[in-house]
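For reference, the structure discussed in these notes is given below.
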Amino acid sequence: MSRFLRNQGWVAGLFALLIFLFVVTKLIQPAYGSGDFGSLARAVLPYAFAVAAQTVVVIAGGIDLSVAAMMALTSVTAASMMNGASEEYALFVVPFVLAMGFVLGALNGVLIVVTRVPDIVVTLATLFVLQGAALLVLGAPGGAAAEWLKASVIGTVPIPGLPDWADAWVPKALALLVVCLCIIWIPLRRSRLGLSIYAIGSNELAAFRSGVPVARTRIIAYALSGLFAAMGGLSLTISTGIGAPIPGPYLLASVAAVVLGGVALGGGKGGLLGPIIAVFVLRLVRTDLTLLAIDPNVTAIIEGLIMVAVVMFGAFITIRGRPVGATP
Amino acid sequence: AGKYTIGISNTVQGNGWREEMICAMKAQALASGEVAKLNIAHRNTDAAGQLEDIRNLISAKVDAIVVNPADPAGIKAGLEEATKAGIVVVAVDQAVTEPSAYIISNNQEQYAYLGAKWLFQQMGGKGEVFYMRGAAGASADSDRDKGFKKALAEFPDVKVAQEVFTGWQQDQAKQQILSFLATGTPINGIWTSGIDNVIVDALVEQQAPMVPVVGADNAGFVGQLNTVKGLVGAAVTNPGSIGGAGVTLALQILDGKKPAQQTVLVNPELWENATDAGKAKLKSAADPSLSPEWPVSISIPDWTTYTKDQIVACKGPGE
Amino acid sequence: MTDIATMPQPVSFGRRVKRFMADRPLIPLIILLIILVVILQILRPGIVNERWLANTAKFAIPLAILAGCQTMTMLTGGIDLSVGTVATMSAFIMATQIVNQDPTVAFLLAMLPAVLIGLVNGIGVGVFRVHPLIMTLGTSLIGTGFLQVYQRTVIASGAKIPDFLNWLGTGVTYGFPNALLLFVPVAVLIVFTLNRTGFGRLLYAVGDNERAARLSGVRYWQVITALYVLSSLLAGITGLLYIGLIKAPSLSLAEPLVLPSVAAAVIGGTSIFGGRGGYTGTIIGALILTVLTTLLTILQMPEGGRRILFGFIVLFVTAAYLRIVEDR
Amino acid sequence: MTTNPLPQNPLLDATGVAKNYGAVAALRNASLSVLPGEVHALMGANGAGKSTLVKILTGAINADAGRILIRGQQLDVRSPAAARRAGLLPVYQEPSLIPDLDVLSNLRLTRTPVEPFRAWVRELGIPNLDIRDTARDIPLAILRVLDLARALAVEPDVLLLDEMTAALPANLAEKVLEVVRRQGDAGRSVIFISHRFVEISALCDRATVLRDGSTVGVVDIEPGVEERIVEMMLGTRIEKTRVGARTANDVAAASGGRPRLSVRNLQLGTKLNDVSFDLANGEVVGVFALEGQGQDELFAALAGSIRPTGGTIDVDGAPVKFSHPSDAIQAGIAYVPGDRTEALAMQRSVRENIALPFSAGLRKWGPIRMRREQVVVSGAIGRLQIDTRAQGEVQRLSGGNQQKVTIARWIAANARTILCFDPTRGIDVGTKQEIYKLLRELAGQGKSVLFYTSEMEEVQRVCDRVIVIFGGRVVDTFSVEEADEPALMRAAYGLPRGARADVGILADVRPASDAEAAS
Ligand SMILES: Nc1ncnc2c1ncn2[C@@H]1O[C@H](COP(=O)(O)OP(=O)(O)OP(=O)(O)O)[C@@H](O)[C@H]1O
Ligand SMILES: Nc1ncnc2c1ncn2[C@@H]1O[C@H](COP(=O)(O)OP(=O)(O)OP(=O)(O)O)[C@@H](O)[C@H]1O
Ligand SMILES: [Mg+2]
Ligand SMILES: [Mg+2]
C-alpha cells in the first residue's frame, strides 16, 4: 500500500483534484450534464494525444518540441487527402497518416542519434521543417474530413448492460481516446521495449551497459511520439473537419501537462495516466473560468498561477517527504 | 439593467486590432443597455480550441455568441450545436460556413484589392512591388492574397519583386524590410498586410527613397501619413470596431429584428494622402491619443453607439 | 603541472587542424558564420555592405542579450522562457509610462516587473525546485495576463518611444550602431562574470553537480535566485533596446525572440544540461541566426520551403559544430 | 614481461589493446590472457587503464587497436549485448542497475532469470531483499552485490569484477570473495580487479599487471609476490613508508586544550542513538563499522547535510547547529564524501573543482583573484601529486586522481577539520600511502581528522584512536595500540570485548540495512 502511494500518490492526488473540479463545475453550473462532459472529452482529445506524444519521449529522457508541428502536418495531410474523396478512401487515409507520423517521428530519433545534437535542438529544427512541410501541403486552412470520421467523436457509446443515463456519460471521444492510448501503451508498458524506454531515460549509461540498444530504443520512442502526434493531428481534422497548417497551442500545453502529470522532465519516471488526467484538469479549469465569465485577461493569469502553484506544491511535498538532507 | 448574456470567442491575443475588437464589443454591450453579462473566451488558439470555447459557452447557457472565427469551416460543428441549443450565432471579421450563423464581416478580399489597386495606379501601372503578407496559412491572409492577385492581374506590368510573410509581427517585418533595403534592389511600392508603421520607420531610418506604401488604418500609420515628409501612402480601413457591430447585430436578432440576409459585409474604405480630399480625410481620422497598434476607425456608423471614451475605457456591463 | 602527454606517432594535418579547432571552439563557429555571409553575397551580390552590417548588428544585439540570459540559465541546467514576456513588459510599460512620467520613474516602473518575475522564477526554481521550464512558462503566462490587464488602463494615454531609446535602437554613428554602446559593456560583463567571478564559477558548478556544490558550502537557492533576477533584468533592458529598434509597442513584441535565443545559445556550444558553455559562442550563434534569417528572406521560395530550409540549416550548423568540437 | 608457458588454451586472450582519448593514451599496449577456471587478477596503479580494459572487453567502449580472442576465435565485441552473448559479463566500478526501475524490472531488462538471481542474492549475504524495491532506494553496497548476483545468475564464462569489493563492508566483501572463489572451482573464469592485496592473494591464481596503459607482467600468485607486483605497478614510483600514529607524548601534548569537536548524545531518528565522542586538535580518529550502522548519518550530520534530531555538537567548546553544509564549513569542518561523483563537478577543470569552496559564500561572488587562486590550487595539486594531464575536465582523470581532487579542495581551503568518508576506496597502494601520509601531516599541523574506513588495516596505519559504531551506537573506543583486527571485528559485530567468535560465520548476523540516507 505504501509503495502504491509512493508510486501513484501524485496521480491519485491529481485524480482527486479532478473530482473536486467536477464538483465545483456542478456548483457553478447546476445544469452541467453528460452533454457538457462530452464537449469536455472532445476538447481533451487533441491535447491528450499531444501529451501522450510528449510523455513517451520525456520518459525516454528527451523532449519533443515538434509535437504541435507534427500534428499540423498530419492534420493537413489527412484533410487534403480526404478533400473531395470518397468516404471509403478515409479508410486508407487514417492508417497512411498514422504511418507517416510514425516514420517522421522515427526520423526525429534517427537525427538525434546520428547527429548527436541535443534533442531539444533537433526537434526545434524539425519543428520548422514540419511546419514548412505543412504549409507546402496546404497554404491555408482547408480540406475536409470523411463524415464517418467526424461522427466517430460525436455522441455516446451504448454499452450493453448499462442504463441509458450511464451510457450518456461515456462519450465516443472518451472511448476513442482510451482505446487508442491503451492499445499502444499497455502492451508497451509490459514489454521489454517499454522497460528499455524507461531505462534509457533513467540512466543511459547504465542502460547501455545492461545491454539495452540505446539508439534503437530512442528512435522507437520518438517514432511512438510521432504516432501519437499523428493521432492528435487526425483528431484535429476529425473535430474541425479541416486541416490548419499553423500549429495550435499544443506544444507548451503538452509540456505543462507532462510535468503536472508527475512525469519527471529528466526522464525515467512516471506514466501516461497522470499526464492524461492533468489534461482533463487543465481543460476543466478553462471550462470553469468560462462558466464564471472571468475576465479573459485574468484567465491567463489564473492558468499560469495554477500551473506554477500545483507544481510548486508537488515540489514542496516531495521536499518534505524526502529523507532529510538528500538533494534531488 | 440588461437581460441578455452574450458569449464572445476570439483566438488571437496580444494584437492591437483584436484588442480593439474586444473593447468595441464590451463598449457596445454596455452602451446598448440590453446586456447583463459578457462571457469572453479570448486566447491564442486554433480552430479546435475555439470549438472548445464555443462549447463551453454553450454550457454556460449564453443567449448569443459573437465569434471571430479562427477558420470559417473549422468551427462549423460548434456553431451548429449552438444554434441547436437556441443560441444566436454571429460571426464577425470573417465569414463562416455554418448556414444558420449570421455574419457581419470585413471584406478581406476587397481590403487587399482596394489597396493594391491604388498602389499600382500610384506606381503608374508598372514597376516592382514589395509584397509583405501576413501569417502564412492564416485564412485572412489567403483571402487577402486573392484580392492582391486580382489587382495584380489588372496591371500586367507590375511585378512582385519579393514576397515575404511578416507573420503579422512588427520585429520580423522590420528585419525583413531592412534586409531587403540593404540589397539595394530598386522597388516602386510596398504593400503591407497591416504591419505598416515599422516599414515607414525603416524607410526613414535608412534614408531610402520613399515609395508609396499601403497599410491599414492603424493609428501609428495614419499619423505617419499625415506627418512623414515625402511619404505617399494609403490606409485601408479594417475596423476592429466590427466587434461592436457584431454585438449590435446579435442584440437585434435576439430582439426579433432579423436582418434581410444572413451576411452583412462592411466594405473597406481607402484613405490616401495623394490628394487634398484624401489628406483632409486622413487629418480628421488621425488620433495620436490611441495606441499606435489600434485602428483609428473606432466606430462604425449605424452599427455602434458607444463613445470614444467608452471604447477606450474598455469596460463591459457589470465591470 | 601542465605536462600534456603528446601522442607518440606523427599526427596528420587534418587531425591537427581538427584538434586546433577543438581547442578553440569559436573558430569553427566563426567559419560557419563567414560561410553563410559568403553564400548571401553570392546570392545577392553587393548586399554585404556597411549598411547591411549595421542592420545585422542591430537585430543580432537584442537576440544576443536574450541568448546571454539563456546561456547563464542553461549553465545551471535551466532555461528561461519568460525573457520574451519580461522584455515585452518593460518595453510596453516604458513606452506608455513615458507619456505622463518622468523618464527615471518610467524606467524604474519598466524594470519593476522584470525584477519581480525574476524573483518569483528564482524562488520557484531555487527554493521550491520547480522545473525551470515550467516555472518560467508559468510566470510568462502570468506576466502576459497582467500586461493585458495593464494595457486596458493606458489605451487612453497612448504610447511614445523616448528619443534616447530611439537613438540607441536605430541610430548609427560612424557606421557603428549605437546599440553597441549598450551591448559591448553587457557582453563584457557577462563574459567576465562567467569566467572571472565567484558567481560565474557557481553557475557552472551548480549546473554540473548540485550536490557537490552544496557540499562545498554553496547555497543553491541564493545562486539560482540571483541568476534569474539577473536574467530578468537583462531581458528588461533588452526590451527597452528592442522597443527603440522596432518602435511599435505591441503585447507580443519580444516573444518571437525566445526560441531563437535558446537556439543561439545551443548553437554557440552551451549545453542545455548545464555545466558547459560560454557567452562568446552564444554571440556568434546569435549572428548566425540573424544572417540566416536574412538569407532566407532573400531566397525567392515559398514560405514552406524557407522554413524547411531554416530547420535543416540550424540542425546542420549545430551538428557540424559538435562534430568539429567533440572528442578532443 | 614474464611469459608463462600455458598449460591450456586460454578462454580469453586479448593482445595489443590500445585506446586513446584525444591526447591522453588510456591504454597503449595491454594484453590479458585468462585460462578456464582461473581467477585472474588485473592490477595497476590509479590510472593504469584497468577499467578501460574491462570496458573494452565487455563492449562498453571500442578499442582503437588490438585483438580479442575468445576460445580461440576472434570476436568483435562492439556492444555490451554482444559481449554478453559471448559469455563475458562485467560488474563495473559504478553500479549499473537502472535507478528508476525496481529490481525485478532490471532483471527482465537484461533477461536475467529471477530464481537463480534470488538464490545468489541470498548466497551473497542479503537474506531479505524485496525485488520490487526501486534501485534508487537501495544503498550503494547492496547495489554492488545485486550487480554481481545479476551477473552470476546467467552463469557467464568470464566474469569481470572491477573493484567489486572497494565499496563493500567487510562482511559483504567476504561473501563476495567466497562466491568468486567457487566460480573458479566450477571451471568458470573470473577477472578480478582490486587494490587490496589480501583479497588478491586469497583468491587469485595469476595476476596481470598494467602500468601506464601497457601490460608489464603476468605473475603467479604465491606468497611474497606482493612486493614484485608493487614494483611492477609503480615502476620507479616506490616509496613505501609506514606512517605511524603519534607517539604517546604527542597525544599528551595536544590533548591539553579543549576538543576541536565534541559530540554528545547525538540522535538521528532510528539511525543514530546517543553517539558521543571527542575529536581533539591534531588527532586522527577512525570510525569503523559494518555497512549501514549509521556512519553515513553521523558524517552527514557533522557535515551539516542533515539535521540531528537530538544531542549537541560543540566546536571549540561552543555549541553549533548546522542547517546547511556551509554552516559546517564556516565552522571549519569539511566533508569528503566517499562517492566522488557526489563531490566533483565532472565537466569542470581540476582548478575550478579545487577552488569551488572559495566562491561559495555570498561575499565571495565578486571578481576572483586569479593569481592567488592559481598559487593555492597548484599548491594543493602538488601536495597530493595529482596527475593533471587531463585537468581540463575532472571526468577525464582516473578514479584515484579524482579522489585526490576531492581532498585537495579542502587542503586548499585550509579546513581545520576534515571528515573523510572512506577516502581510499578504489585507490592504489601508492596513492593510499600518500593519503595516509597526508592525513598524518595534517594532524601534525594541528588539524583534526575524522576518518571512516571500510578497510581494517588502515585504522592501524593512520588513526590515533578508533571508535566503533554498531546499530547507531558507539559501542567501543580503542587506542591505536589495542585496535588489532580481531578486536575491531568483534566490536563491529556488536560483541563485547574479550568474547571469542569466528568472524566468518558471524557475517550473516547483521540484517541487510534497508536505507541509507546520506551517501
Ligand atoms: N574519457 C577520457 N578522456 C580522457 N582521458 C581519459 C578518459 N578516460 C580515461 N582517461 C585516462 O586514461 C587513463 C586510464 O584510466 P582508467 O579509468 O582506465 O584507470 P584505472 O586503471 O581504472 O584507474 P583507477 O584505479 O584510478 O580507477 C587515465 O590516465 C585517465 O586520465
Ligand atoms: N579566490 C581565492 N584564490 C586562492 N586562494 C584563496 C581564495 N580565496 C581564499 N583562498 C585561500 O583559502 C584560505 C581561506 O581563505 P578565505 O578567504 O576563505 O578565509 P576566511 O576565513 O573566509 O577569510 P575572511 O574572514 O577574511 O573572509 C586562505 O588560505 C586563502 O589564501
Ligand atoms: Mg578502475
Ligand atoms: Mg578507473
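The values are calculated or read from the model by the stated rules, or taken from the named source; none is laboratory data. Just so it is clear, the model here is predicted, and its values are computed rather than measured. Note: ideal-geometry Cβ built from the backbone for every residue, glycine included; neighbour counts use all protein chains shown.
Does D:Gly37 satisfy the condition of being farther than 22 Å from D:Thr110 by Cβ and more than 16 Å from ligand 2 (Cβ to nearest atom)? Spelling it out, D:Gly37 is indeed farther than 22 Å from D:Thr110 by Cβ and more than 16 Å from ligand 2 (Cβ to nearest atom). The strands (runs of 3 or more DSSP E) found wholly in region B:1-92 and carrying at least 2 residues that are touching a residue at least 40 places away in the same chain (Cβ under 8 Å), within 16 Å of B:Gly316 (Cα to Cα) and within 19 Å of the chain's Cα centre (by Cα) occupy B:4-10.
Condition check for C:Val229 on (1) crowded, with 22+ Cβ neighbours inside 10 Å; (2) closer than 26 Å to B:Gly14 by Cα: one failure, at (1). Across region D:392-433, the qualifying residues are those that are near ligand 1 (Cβ under 8 Å from one of its atoms) and assigned to a loop (DSSP other than H, G, I, E, B), and the one among them that is nearest to the other protein chains (Cβ to nearest Cβ) is D:Glu393.
Among the residues of region D:41-78, those that are away from ligand 3 (no atom under 16 Å from the Cβ) and either within 27 Å of D:Glu434 (Cα to Cα) or in a strand (DSSP E or B) (or both) comprise D:Ala65, D:Gly66, D:Arg67, D:Ile68, D:Leu69, D:Ile70, D:Gln73, D:Gln74.
Being at pLDDT 90 or above and over 28 Å from A:Gly132 (Cα atoms) narrows it down to one residue among A:Leu5, A:Leu73, A:Leu21, A:Leu104; which is it? Unique residue meeting the criteria: A:Leu21.
State which residue is modelled with the highest pLDDT when the search covers only region D:418-461 and only residues that are under 21 Å from D:Met164 (Cβ atoms) and of a type in the set (Lys, Arg). Among them, the one singled out is D:Lys432. Here the condition is being within 12 Å of chain A (Cβ to nearest Cβ) and either at pLDDT 90 or above or in contact with a helix residue (DSSP H, G or I) (Cβ under 7 Å, 6 or more places away or on another chain) (or both); of C:Ile313, C:Ile224, C:Ile237, C:Ile283, it holds for C:Ile313 alone.
Mind counting the residues in region C:199-221 that are within 9 Å of chain D (Cβ to nearest Cβ) and under 22 Å from D:Ile418 (Cα atoms)? Here the count works out to 11. Report yes if some residue within region A:262-270 is surrounded by fewer than 24 Cβ atoms within 10 Å (Cβ to Cβ), at pLDDT below 90, assigned to a helix (DSSP H, G or I) and within 12 Å of another protein chain (Cβ to nearest Cβ); otherwise report no. No, that holds for no residue.
Checking region D:36-53 against the condition returns no match, with no residue being within 16 Å of ligand 4 (Cβ to nearest atom), within 14 Å of chain C (Cβ to nearest Cβ) and among the β-branched types (Val, Ile, Thr).
Taking region C:287-328 as the range and being under 27 Å from B:Phe130 (Cα atoms) and in contact with a Pro (Cβ under 9 Å, 6 or more places away or on another chain) as the test, the residues that pass are C:Leu289, C:Thr290, C:Thr293, C:Gly304. Of the helices (runs of 4 or more DSSP H) contained entirely in region A:89-163, those carrying at least 3 residues that are within 9 Å of another protein chain (Cβ to nearest Cβ) and within 30 Å of B:Thr97 (Cβ to Cβ) fall at A:119-137. Considered as a group, the residues in region D:334-362 that are of a type in the set (D, E, K, R) and more than 24 Å from D:Leu302 (Cα to Cα) include one that is nearest to ligand 4 (Cβ to nearest atom), and that residue is D:Arg348. Pairs are defined by a Cβ separation below 6 Å, a sequence spacing of at least 6 or placement on different chains, a first member in region D:329-346 that is more than 7 Å from chain C (Cβ to nearest Cβ) and among the basic types (Lys, Arg), and a second member that is buried (at least 24 other Cβ atoms within 10 Å of the Cβ) and in a loop (DSSP other than H, G, I, E, B); no pair meets this definition. Does D:Leu109 satisfy being free of Cβ contacts under 8 Å to residues at least 24 places away in the same chain, away from ligand 1 (no atom under 16 Å from the Cβ) and closer than 20 Å to D:Ala86 by Cβ? Criteria met by D:Leu109.
All conditions in (1) within 16 Å of ligand 2 (Cβ to nearest atom); (2) in a loop (DSSP other than H, G, I, E, B); (3) β-branched (Val, Ile, Thr) hold for D:Thr388, with the sole exception of (1). Got at least one residue in region D:30-41 being within 16 Å of ligand 1 (Cβ to nearest atom), of a type in the set (Ser, Thr, Tyr) and at pLDDT 90 or above? Among the residues of region D:30-41, at least one is within 16 Å of ligand 1 (Cβ to nearest atom), of a type in the set (Ser, Thr, Tyr) and at pLDDT 90 or above, which makes the answer yes.
Among the residues of region D:346-380, those that are under 21 Å from the mean Cα position of the chain (by Cα) and within 16 Å of ligand 1 (Cβ to nearest atom) comprise D:Met346, D:Val350, D:Asn353. Among residues of region A:192-219 that are within 7 Å of another protein chain (Cβ to nearest Cβ) and within 11 Å of D:Ser96 (Cα to Cα), those with a Cβ under 6 angstrom from a residue that is among the charged types (D, E, K, R) and in a helix (DSSP H, G or I), sequence gap 6+ or separate chain, pair up as A:Gly211/D:Arg84.
Take the conditions (1) within 12 Å of another protein chain (Cβ to nearest Cβ); (2) surrounded by fewer than 24 Cβ atoms within 10 Å (Cβ to Cβ); A:Ile184 misses just one of them, which is (1).
Taken over region B:165-184, the criterion of being more than 7 Å from chain C (Cβ to nearest Cβ) and surrounded by fewer than 24 Cβ atoms within 10 Å (Cβ to Cβ) is satisfied by B:Gly167, B:Trp168, B:Leu181.
Rundown of residues vs (1) away from ligand 4 (no atom under 16 Å from the Cβ); (2) in the same structural domain as D:Leu35 (by TED's automatic domain parsing); (3) small (Gly, Ala, Ser); (4) in contact with a His (Cβ under 6 Å, 6 or more places away or on another chain), yes/no style:
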| site | (1), (2), (3), (4) |
| --- | --- |
| D:Glu123 | yes, yes, no, no |
| D:Asn128 | yes, yes, no, no |
| D:Thr134 | yes, yes, no, no |
| D:Ala141 | yes, yes, yes, no |
| D:Leu152 | yes, yes, no, no |
| D:Val158 | yes, yes, no, no |
| D:Ala166 | no, yes, yes, no |
| D:Val176 | yes, yes, no, no |
| D:Arg182 | yes, yes, no, no |
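For region C:119-153, a residue qualifies if it is facing chain A (nearest Cβ under 8 Å) and not in a helix (DSSP H, G or I), and the qualifying residues are C:Phe128, C:Arg129, C:Val130, C:His131. Of the residues making up region D:468-491, those that are more than 17 Å from D:Phe299 (Cβ to Cβ) and not in a loop (DSSP other than H, G, I, E, B) are D:Val475, D:Asp476, D:Thr477, D:Phe478, D:Ser479, D:Glu485, D:Pro486, D:Ala487, D:Leu488, D:Met489, D:Arg490, D:Ala491. Quick check on C:Thr297: is it crowded, with 22+ Cβ neighbours inside 10 Å, touching a Ser or Thr at 6+ places or on another chain (Cβ under 9 Å) and away from chain A (no Cβ under 12 Å)? No. With a requirement of 2 or more residues that are of a type outside the set (A, V, I, L, M, F, W, C), the strands (runs of 3 or more DSSP E) lying completely within region D:296-384 that satisfy it span D:310-315.
Which of the residues that make up region B:208-250 are under 21 Å from B:Gln170 (Cβ atoms) and polar (S, T, N, Q)? Correct list: B:Asn218, B:Gln224, B:Asn226, B:Thr227, B:Thr237, B:Asn238.
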